[in-house]
Amino acid sequence: MITNHKFSYRNVASKYYEFRPQDINKAMDDFRRTLEGCGLHLSGNMFFSILSDPQSEIMIAEIFLSIEEDSIKGLVSSEEEIRFRSYFTISPMVMTRIMKDFDFESQKKYWELVRYLQVNQLEQATPLFVEFKNSLSGIDYVEMSIGYKLNADNIRIG
């Protein structure tokens, strides 16, 4: 478990999706195709936040992707319901990695994150974020993170 984790992205497009958990790849592919169909150039890792109960039959998620463009104005129809942020950052977070068997490990790792927050009396400040990454040696992996609030009880000096 890694604490005080942070992630930041520039020029991020996002869209809300509802889908069955096993159909997440369809939602991500749809988002990718939608952005490219609007003439946008993808430039970074895809990540998403789970906005519903992770055990629900239907998942609600916001899917994010960095793009090269510094605006989507005039390129994306409002009917597409795509949001744009020039800068997206969350800190502090608690994070864990999944190196293999994502489908099997993701539920286990989610509950480990939740338990860590409870045991350390940290208040959850964000939904769960899932980032798809690739190491320098070409290995695909996933980072799962939850943002938490800092308060006077969490700060230790000395």
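The values are calculated or read from the model by the stated rules, or taken from the named source; none is laboratory data. This structure is a prediction, so every number in the text was calculated from the model and none was measured. With ideal geometry, Cβ positions are generated from the backbone for all residues, glycine too; neighbour counts draw on all protein chains shown. The accessibility values were calculated without ligands, DNA or RNA, using every heavy atom of the protein model including side chains. Shrake-Rupley method; radii C 1.70, N 1.55, O 1.52, S 1.80 Å.
Results for (1) of a type in the set (D, E); (2) closer than 17 Å to V130 by Cα, shown as yes or no for each residue.
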{"site": "I2", "(1), (2)": "no, yes"}
{"site": "H5", "(1), (2)": "no, yes"}
{"site": "D23", "(1), (2)": "yes, yes"}
{"site": "F48", "(1), (2)": "no, yes"}
{"site": "I60", "(1), (2)": "no, yes"}
{"site": "D70", "(1), (2)": "yes, no"}
{"site": "M93", "(1), (2)": "no, yes"}
{"site": "F102", "(1), (2)": "no, yes"}
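Name every residue in the stretch 7-61 that is out of contact with any Leu (no Cβ under 8 Å at 6 or more places or on another chain), aliphatic (A, V, I, L, M) and under 21 Å from I90 (Cα atoms), in order of residue number.
L51
Name the residues in the stretch 36-54 that are touching a residue at least 40 places away in the same chain (Cβ under 8 Å) and in contact with a helix residue (DSSP H, G or I) (Cβ under 9 Å, 6 or more places away or on another chain), would you?
Selection gives C38, M46, F48, I50, P54.
Return the residues of the stretch 92-131 that are open to solvent by 60 Å² or more (accessible area, probe 1.4 Å), within 15 Å of F47 (Cβ to Cβ) and part of a strand (DSSP E or B); say none if nothing qualifies.
R97
Look at the stretch 30-88 and say how many of its residues are part of a loop (DSSP other than H, G, I, E, B) and of a type in the set (K, R).
Qualifying residue count for the region: 1.
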